[in-house]
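Step one of this worksheet: look at the structure below.
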Amino acid sequence: MGPDPVRAEALGRSFAGVPVLAGVDLVVRAGDAVVLLGPNGAGKTTLLRILALLARPTTGRLALFGADAATAPPALRRRIGYVGHESLCYPDLTATENLEFYARLFAVPDADARVRDLIVWAGLEAAARRPVRVYSRGMSQRLALARALLHEPELLLLDEPFTGLDAAGVVALQERLATLRLAGHALVLTTHDLERAAPVATRVAVLHRGKIVWAHDGPPEPVVVAAAYQAVVTGRA
Amino acid sequence: MRGAGAILLKDLRIEWRTRESLASVFVLGVLLLVVFTVAHDPEPEAAPALAPAVLWVAFVFTGLLGVQRGFLLERENDCMSGLLSAPVDPAAIYAGKLLANVVLLGVTQAVVVPLVGLFLHVDLWGVLPGLIAVLSLGNVGFASLATLFAAVATRTRAREVMLPLLLLPLLVPLLIGAVTATRAVLGGGLGAARDGIAVLIAFDVVFVVAGWLLFAYVVRD
Amino acid sequence: MLAALWLVFVAVPTEREMGIVQRIFYFHVASAWVAFLGFFLVAGASAVYLWSGSAGADRLAQAGGEIGVLFCTLVLVTGPLWARPIWGVWWTWDPRLTMTVILWAIYASYLMLRAFGGNDDAVRRYAAVLGIVGVLDIPIIIVSVRLLRGIHPAVITRNEGGSGLVDPWMRAGLGVSALALILFAAWLIALRVRTARLTDEVAALRRQVAEAA
């Protein structure tokens, strides 16, 4: 089966002395879809960026696919895909140009064909030759997802991917994520709105003030999770 | 190093698409030269003596703007994270950005230098090879530190002030070498410029290597 | 420390060449050496900080930078005070002076970066990079300012005044004052590092109190 995609122990991260993460333990296995729930300021984005190797933890240990994150060579990033709050795409280039650029950076084999496939997959054929600057939020989101999938990463990290999507966009994204999970990818997504993420999840964890305060293995019962979430956020606020 | 080439082409393509830098460099370059010439109001015989200093000062001012922009464009849509999420060495990102800056600064020089020749009555044609050599060496030296510190400046507060504040003191030896070499080349060809060129080469080597090694520490989060 | 400084004043009266003003020379040259040591300290501590992330190394780099700029300022102030009566001019762009000004500017910008760059941990890394780059620039500055001699013909070499160190007493005086200033600077640095560490600890305690509330 291979080593777990994510093994995090006691991850901590402070900014100028202020702790944002205060001891997070997390294990993600292939085929998992972990949803991290939490109010704003809970540390979700920071945690995700650490998992994406975009930031370093101040304390704790992280192993991705068995390799220690602190000493890992850049090549480890080939197995990780990251979708952040922003599209990570250059506004003055077209979708095709952006994807071609990242395909080169990630050494994607047969890049032209793969880029074309993803443009179709993301429903961007019509806009493919226009600069990203003019895209709608939904289009940018789909492009960001396409960018993250270019190199077929085994671990996909998504930061609040449902924000700003209309109902149709939400459904489309849910379907795509479900497909990816069934294909064997590991997913970690953060959200503050469980309703949208629940259909995709195999596990839920609630992050509050930098710690995981509640977790549940198995598909979440929205009512149960919502109650726990409320208790956590109001009870310990 | 495959990443460096891709980044270089990407930056050049974006620049070509928007032509923002080119336009502002041209306008700013002309304005600076006009201000210098009018403020000094030299006699036609005395004017050429000013040329080396004016040329390099104008280059530094326009260069600061251009390099700053190069990293600001990575801030839009958090593209810098895109670069850092790729399986490329941060040093390759530095190399790509450095090469892109060298090209764009070269274009800046191609605009500013003929204007200097025009406004200050300097004959550039006769000494073109030597002049180009000096310009290129100065270009690389400027770009080596400017690329490193533009990455720093765009991530700190007061970023418009920070880049010149950090960069100008460090660049003084480069400017001394460049102005000395330019003066010598305009006066007597490449041979006379040996000392200045030695300084330029030393600067280039030391700071390209330093930038290569230190860039990873700047972009690491 | 102060005892050493007092010694300098007492020992020096036995050496009068150009009059009382010449005594500034001891402080002036010694300050320059201390400033250089300060800058090398910044570079060394910065390298350690980048390598190990040690907060102590970062505090040491900051202290080194502050002391270095302080003594560099002293050099730039005592120089003209000495030069005016002896040579008749407050300032000249000779190589050594130019170099001192450039170094002062580099490390002043280092302090500016630390002060105004924002409150992040990241600023310490950027400052460390600047500290290292600054020291790398020093040899190039030394070589390049010599080129200026060719441009400006009227040059008064610094050492004409003080190169009359034939008298062993004078050499001793210089050595003692250098040692005294180095000790003084080291004491200031230790003080500064301690203050920085205490400030950090207070801030951490404040945060703990705020969170418990």
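Structural remarks
- Pairs linking a residue in the range B:72-98 that is part of a helix (DSSP H, G or I) to a residue that is charged (D, E, K, R), with Cβ atoms under 6 Å and 6 or more positions apart or on different chains, are B:Asn77/A:Glu86; B:Asp78/A:Glu86; B:Met80/B:Glu74.
- Those residues of the range A:159-186 which are farther than 20 Å from A:Ala75 by Cα and either within 13 Å of another protein chain (Cβ to nearest Cβ) or not in a helix (DSSP H, G or I) (or both), in sequence order: A:Asp159, A:Glu160, A:Pro161, A:Phe162, A:Thr163, A:Gly164, A:Leu165, A:Asp166, A:Ala183, A:Gly184
- Residue in the range B:92-99 that is out of contact with any His (no Cβ under 6 Å at 6 or more places or on another chain), closer than 24 Å to B:Ala151 by Cβ and either away from chain A (no Cβ under 14 Å) or at pLDDT below 90 (or both) present: yes
- Unique match (being more than 29 Å from A:Gly81 (Cβ to Cβ) and crowded, with 22+ Cβ neighbours inside 10 Å) among B:Gly117, B:Gly70, B:Gly96, B:Gly66: B:Gly66
- Which numbered condition B:Thr18 fails, given (1) within 14 Å of chain A (Cβ to nearest Cβ); (2) under 18 Å from the mean Cα position of the chain (by Cα); (3) farther than 18 Å from B:Thr147 by Cα: (2)
- Check on A:Tyr90, touching a strand residue (DSSP E or B) at 6+ places or on another chain (Cβ under 7 Å) and at pLDDT 90 or above: no
- Any hit, the range B:84-93, residues being buried (at least 23 other Cβ atoms within 10 Å of the Cβ) and closer than 13 Å to B:Val25 by Cα: no
- Selection count, the range B:142-193, where residues are over 29 Å from C:Asp120 (Cβ atoms) and away from chain C (no Cβ under 11 Å): 8
- The condition of being over 12 Å from the mean Cα position of the chain (by Cα), at pLDDT below 85 and assigned to a loop (DSSP other than H, G, I, E, B) holds for only one of B:Pro42, B:Pro48, that being B:Pro42.
- Single condition A:Arg77 does not satisfy, out of (1) crowded, with 22+ Cβ neighbours inside 10 Å; (2) under 18 Å from A:Ala10 (Cβ atoms); (3) within 8 Å of chain B (Cβ to nearest Cβ): (2)
- Any hit, the range B:77-90, residues being more than 10 Å from chain A (Cβ to nearest Cβ) and either closer than 30 Å to A:Ala55 by Cα or more than 18 Å from the chain's Cα centre (by Cα) (or both): no
- Residue list for the range A:215-237, restricted to those being without any contact (Cβ under 8 Å) to a residue 40 or more places away in the chain and either surrounded by fewer than 11 Cβ atoms within 10 Å (Cβ to Cβ) or under 20 Å from the mean Cα position of the chain (by Cα) (or both): A:Ala215, A:His216, A:Asp217, A:Gly218, A:Pro219, A:Val223, A:Gln230, A:Thr234, A:Gly235, A:Arg236, A:Ala237
- Of the strands (runs of 3 or more DSSP E) lying entirely inside the range A:1-63, those containing at least 1 residues that are within 30 Å of C:Arg206 (Cβ to Cβ), away from every other protein chain (no Cβ under 11 Å) and over 16 Å from the mean Cα position of the chain (by Cα) are A:6-15, A:18-28.
The values are calculated or read from the model by the stated rules, or taken from the named source; none is laboratory data. Computed from a predicted model, the values in this text were never measured in an experiment. Methodologically, a virtual Cβ is constructed for each residue, glycine included, from the backbone with ideal geometry; neighbour enumeration extends over all protein chains shown.
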